[in-house]
1. Select, from Ala311, Ala283, Ala333, the only residue that is in the same structural domain as Gly422 (by TED's automatic domain parsing), touching a Lys or Arg at 6+ places or on another chain (Cβ under 8 Å) and surrounded by 21 or more Cβ atoms within 10 Å (Cβ to Cβ).
2. Residue check: is Gly352 touching a residue at least 40 places away in the same chain (Cβ under 8 Å) and either in contact with a strand residue (DSSP E or B) (Cβ under 8 Å, 6 or more places away or on another chain) or surrounded by 24 or more Cβ atoms within 10 Å (Cβ to Cβ) (or both)?
3. Quick one: which of Ala127, Ala114, Ala109, Ala97 is of a type outside the set (S, T, N, Q) and under 30 Å from Lys14 (Cα atoms)?
4. Give the number of residues within the stretch 52-70 that are modelled with pLDDT of 75 or more, out of contact with any Gly (no Cβ under 6 Å at 6 or more places or on another chain) and either in a helix (DSSP H, G or I) or aromatic (Phe, Trp, Tyr) (or both).
5. Only one residue in Ala49, Ala122, Ala117 is in contact with a Gly (Cβ under 8 Å, 6 or more places away or on another chain), surrounded by fewer than 24 Cβ atoms within 10 Å (Cβ to Cβ) and hydrophobic (A, V, I, L, M, F, W, C). Which one?
6. Here's a check for you: in the stretch 143-172, which residue that is in contact with a Pro (Cβ under 7 Å, 6 or more places away or on another chain) and either among the aromatic types (Phe, Trp, Tyr) or modelled with pLDDT of 75 or more (or both) is surrounded by the most Cβ atoms within 10 Å (Cβ to Cβ)?
7. Gln257 versus (1) without any contact (Cβ under 8 Å) to a residue 40 or more places away in the chain; (2) farther than 25 Å from Leu44 by Cβ: which is the lone unmet condition?
8. Can you report the number of residues in the stretch 107-126 which are in a loop (DSSP other than H, G, I, E, B) and either under 19 Å from the mean Cα position of the chain (by Cα) or touching a residue at least 60 places away in the same chain (Cβ under 8 Å) (or both)?
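The values are calculated or read from the model by the stated rules, or taken from the named source; none is laboratory data. Owing to the predicted nature of the structure, the values given are computational and were not obtained by experimental measurement. Neighbour counts are summed over all protein chains in view; Cβ atoms, including those assigned to glycine, are modelled from backbone coordinates with ideal geometry.
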Amino acid sequence: MSPDPTAAEAVPAKATRREWTALAVIALPCLVYAMDLTVLNLALPAISADLQPSASQLLWIIDIYGFMVAGFLITMGTLGDQLGRKRMLLIGAAAFAAASVAAAMATTAPALIATRALLGIAGATLAPSTLSLISNMFRDERERRIAIGIWISSYSVGGAVGPLVGGLILQYWAWPAIFWAAVPVMVLLLLVGPALLPEYRDPHANRLDLLSVLLSLVAVLAGVSALKQLAEGHLGGSTALAALLGLLAGTAFLRRQRRVAYPLLDLRLFAQPRFTTAITAYALTSFAMFGVYIFISQHLQLVLGLSPLVAGLCTVPWALSFVVGSMATPWIAQRLQAPRTMVSGLALAAVGFGALVMVDTPHGLLWLMGGMVLMGLGMSPVFTLGNDIVISSAPPERAGAASALSETSSELSGALGIAVFGSLATSLYRSGMRELAPADLPVDAALAASTLGGAFNAANHLPQPMAQALRHAASAAFVDSLQAAALLGMAITTVSALLAWRLLRERPPASAGTRAG
């Protein structure tokens, strides 16, 4: 009798010391990626005071990075399958270091937005390269989940180190110095990566479809432009044109993926219920998490009056909870199975979002920190197991494209979360300020008070009684926005939990069951 061709896959080879050492190298760009995001959020008040961005520009400074990452991830993942994942990782590291230097030298809001966009393009080469390398280096399911847990934890460690590093930098230097922190880490990766990392590529890869690349970028950026204009209250023809352009480009992109021989986005993956449910739950969780996070640093520094260093320390437990949750997930999933672990985590995260509603109570800071810890512990199983399901659903030679798709869902939904939650906050904040701001506020101060940072800056140039009233009104309006965002995040996480519960009822195919469990 001929041997079963699937028998070799039943007992995959164990990883060696080389793979585990390479994993440590892979974690470096992930750490920097998270550091860049958390440091920037901590620096928002300083950036607002120095560059005086409008409300729209401030949102662009925050999320242009995520949108450019999302726009280029699938392209870079497919390019990595073609050219080699190690090569793409090293190219991305060099580009990220150069873009960080450029961002540190930005002196205007448009310049900072442009350099953040370059950082996003460079960052798009990093995430799919690291995750696809993991999928190729760790074929054993349990080892792969542990490796992905470490991969997720590297983001969390970056998130924990970011506020500390950023707090120290902002305590003694101006905000441009925060971008220099990424440079030595990327240089270290460039020095040790060529010797330690293996190389993988798809031997049957075709040329990159440039029309698909263009359509995906137009779809993402035009859609975001329409959303931004809506957030500013612009309901004219330019907003409708941007929305229509994004819709048409997105439709054309999806249709083209069904026709081309080597698509950027393999739509056949979505025929697998487990894949679709996992990536949807992952996207919704990222949407809620990133959307709420933009409120926290401003609340800590402006509403509560904490220094950047103390504010950074207050966010460390949240980041560490992701580390604990990510490392514990493989052990828990072995006993509860992956879907039940995801459902339990999302239920815990929903409770964490609910706790943020209590930020205006006498013990509001403790409620805030406790809620963030519950969110971190609850969301980490979705990130760890969701990525495992996604990358194990694709053929090994397309691991780069599958990894990019996973990261695209996270980055795009996270950036959309920032835009949607930020737009909601802007609307609620302005509505609250119309009711709470002093009636005799000067016109220039009223215009400046359209953002929380602008209100506090305007208050510095007003007589003391009026300044105190303006700060109190801005803080109250902002807290109302934060509470509304927390309730929305709780609702989204609950929906995500219901989707993961549906995954429990799906009986996976025998060939995939042992891989994505």
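1. On the way: Ala311 fails: touching a Lys or Arg at 6+ places or on another chain (Cβ under 8 Å); Ala283 fails: touching a Lys or Arg at 6+ places or on another chain (Cβ under 8 Å).
One residue alone meets the criteria, Ala333.
2. Numbers: touching a residue at least 40 places away in the same chain (Cβ under 8 Å): no; either in contact with a strand residue (DSSP E or B) (Cβ under 8 Å, 6 or more places away or on another chain) or surrounded by 24 or more Cβ atoms within 10 Å (Cβ to Cβ) (or both): yes.
Judged against the criteria, Gly352 is not a match.
3. Going through Ala127, Ala114, Ala109, Ala97 in turn, just one is of a type outside the set (S, T, N, Q) and under 30 Å from Lys14 (Cα atoms): Ala127.
4. Adding up the residues that qualify gives 6.
5. Numbers: Ala122 fails: surrounded by fewer than 24 Cβ atoms within 10 Å (Cβ to Cβ); Ala117 fails: in contact with a Gly (Cβ under 8 Å, 6 or more places away or on another chain).
Going through Ala49, Ala122, Ala117 in turn, the sole match is Ala49.
6. Here the residue is Gly149.
7. The one condition Gln257 does not meet is (1).
8. Applying the first criterion (in a loop (DSSP other than H, G, I, E, B)) to the stretch 107-126 yields 107-108.
Filter once more, keeping what is either under 19 Å from the mean Cα position of the chain (by Cα) or touching a residue at least 60 places away in the same chain (Cβ under 8 Å) (or both): none.
Summing the residues that are in a loop (DSSP other than H, G, I, E, B) and either under 19 Å from the mean Cα position of the chain (by Cα) or touching a residue at least 60 places away in the same chain (Cβ under 8 Å) (or both) in the stretch 107-126 gives 0.
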